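Structure, as structure tokens:
The values are calculated or read from the model by the stated rules, or taken from the named source; none is laboratory data. Everything numeric here is computed off the predicted structure, so don't read it as measured data. FYI the Cβ positions are ideal-geometry reconstructions off the backbone, even for glycines, and counts take in every protein chain you see.
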Amino acid sequence: MFTKILVANRGEIAVRIIRACKEMGVATVAIHSACDRQALHVELADESICVGGNPVSESYLHMKNILSAALCTNASAIHPGYGLLSENSDFAALCAQCDIPFIGPSAQMIDQMGNKEQARAIMQSAGIPILPGTAVIDNLDEAAEAARHIGFPLLCKARSGGGGKGIRLVKHIDDFSHAFRTAQSEAQASFGDGGVYLERFLTKPKHIEIQLLCDSQGTILSLGERDCSMQRKRQKMIEESPAPTLKATVRKAMEEAAIAAAKAVGYVGVGTVEFLMDEDDSFYFMEMNTRLQVEHPVTEQVTGLDLVKWQIRVAAGAALPYTQKDIRPFGHAIECRIVAENPAKNFQPSSGRITDLHVPGGPWVRFDSALYHNYFVPPFYDSMLGKLIVHAATREEAIRKMQAALCELVISGVDSNTDFLMEMLAKGDFAKGSYHTNSLERWSESSHVHI
């Protein structure tokens, strides 16, 4: 087992990892930017070190500074959390060169799954269904001809990256040229790779993902699915497990496909295979996330497994002591992402000092956050303030528990989306579980909120 782990992240996920390490008896090193000197993850870690200025490019994305911090503190491994450098193959390769274990998959595996064109080809070869589409196309005329063949609506999608960047929906051939060029430009600016491919667009899909846990001895476990269809501009807002409308036969087929995907690349660690499911229950591979997901607590609540601890153990070479029969999800869990944004002002980000904070309590209510009273929320980073997670025996009870917890949550000093989340939970389609990835856009047509 590792003796000291440097956490190459900030905010709630850095706090989450540090707490897991403390429970495992593993020392921790927190990195921070200049403005994060008094952040909670810095206070909780055994050691801390400043790696640069406030912009992420000068600190949390500065690979050489982070590796130098790991070396000078004698860290025995680096945990990247999610986002930032967690799926950066260059960083994983540099860790290997410096003989510092990277708590995640190899650089080669990150490259394979991070390149969506290559990932599609691998999955297709493994017999996993993919959406009709193309390889990367550079020529506009060739792309337009391929678009006519696929049919509309379709997506122009960046080969690299994630987070909804470099993706454009095209509903008609007249709009194709501008959307294709825009997707190329955004992909180049965001990921340094302007490669774009085309893919059929499903008008009312469900976004279902399968959580996997794999060790280096060949054990691959499915920890069940999460429904992540409640999204705004491809950013997840509410996640739940199990997926409320997923048929048992489809769940089984989806889990088998996810396990086949992991086998196809020899995956080791925590990973998530994401699918789009059409209205007729057919499903298609979308991507594989080679990291810990933001919504991992949902799976933890229904399985009773600590994914962060097992991610660390597996990275250290430990064998999983479970078989698939041991994984028996119970009850229902829901997670709401609490962000410092104002829905009434087109989700304008907010920063400022926390003047009042009350965290909801009660059985099976969890708030993963780095907030504390008088903490200053800086304007330089992701707007997430925390994740509110509840668990109950039934979905109906879990929804009521989440509504009660949101009502009790008080965060003063910055704007937040708690009222907006309450509104979403009250929608009839959410209660029925019949929502899809475009539901928020449709609901906004009859709401004052611009989605």
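The requirement of being more than 14 Å from the chain's Cα centre (by Cα), surrounded by 22 or more Cβ atoms within 10 Å (Cβ to Cβ) and hydrophobic (A, V, I, L, M, F, W, C) is satisfied by Ala333.
So, in the stretch 82-139, how many residues would count as being small (Gly, Ala, Ser), part of a helix (DSSP H, G or I) and surrounded by fewer than 19 Cβ atoms within 10 Å (Cβ to Cβ)?
Step one: filter the stretch 82-139 for residues small (Gly, Ala, Ser), giving 83, 86, 89, 92-93, 96, 104, 106-107, 114, 119, 121, 125-127, 133, 135.
Next cut, part of a helix (DSSP H, G or I) only: 89, 92-93, 96, 107, 114, 119, 121, 125.
If we keep only those that are surrounded by fewer than 19 Cβ atoms within 10 Å (Cβ to Cβ) as well, we get 93, 96, 121, 125.
Total satisfying the criteria: 4.
For the stretch 304-313, indicate whether the set of residues that are under 12 Å from the mean Cα position of the chain (by Cα) and in contact (Cβ under 8 Å) with a residue 40 or more places away in the chain is non-empty. Within the stretch 304-313 (the criterion being under 12 Å from the mean Cα position of the chain (by Cα) and in contact (Cβ under 8 Å) with a residue 40 or more places away in the chain), the answer is no, since none of the residues qualifies. Within the stretch 381-394, does at least one residue satisfy the condition of being of a type in the set (Ser, Thr, Tyr) and farther than 21 Å from Thr245 by Cα? Yes: the stretch 381-394 contains one or more residues that are of a type in the set (Ser, Thr, Tyr) and farther than 21 Å from Thr245 by Cα. Scanning the stretch 216-247 for residues that are assigned to a loop (DSSP other than H, G, I, E, B) and not hydroxyl-bearing (Ser, Thr, Tyr) returns Gln217, Gly218, Lys233, Arg234, Pro242, Ala243, Pro244, Leu246, Lys247.
Of the residues Leu320, Leu276, Leu307, the single one that is buried (at least 20 other Cβ atoms within 10 Å of the Cβ), of a type outside the set (Gly, Ala, Ser), at pLDDT 95 or above and out of contact with any Pro (no Cβ under 7 Å at 6 or more places or on another chain) is Leu307. Candidates are the residues of the stretch 342-391 that are at positive phi and aromatic (Phe, Trp, Tyr); the one that is modelled with the highest pLDDT is Trp364.
Residues in the stretch 401-431 that are in contact (Cβ under 8 Å) with a residue 40 or more places away in the chain, farther than 16 Å from Leu388 by Cα and more than 22 Å from the chain's Cα centre (by Cα): Ser412, Gly413, Val414, Asp415. With respect to the conditions (1) in a helix (DSSP H, G or I); (2) more than 19 Å from Gly194 (Cβ to Cβ); (3) over 25 Å from the mean Cα position of the chain (by Cα); (4) not polar (S, T, N, Q), Glu142 falls short on a single one, namely (2). Ile49 passes every criterion in (1) surrounded by fewer than 22 Cβ atoms within 10 Å (Cβ to Cβ); (2) part of a helix (DSSP H, G or I); (3) of a type in the set (A, V, I, L, M) apart from (2).
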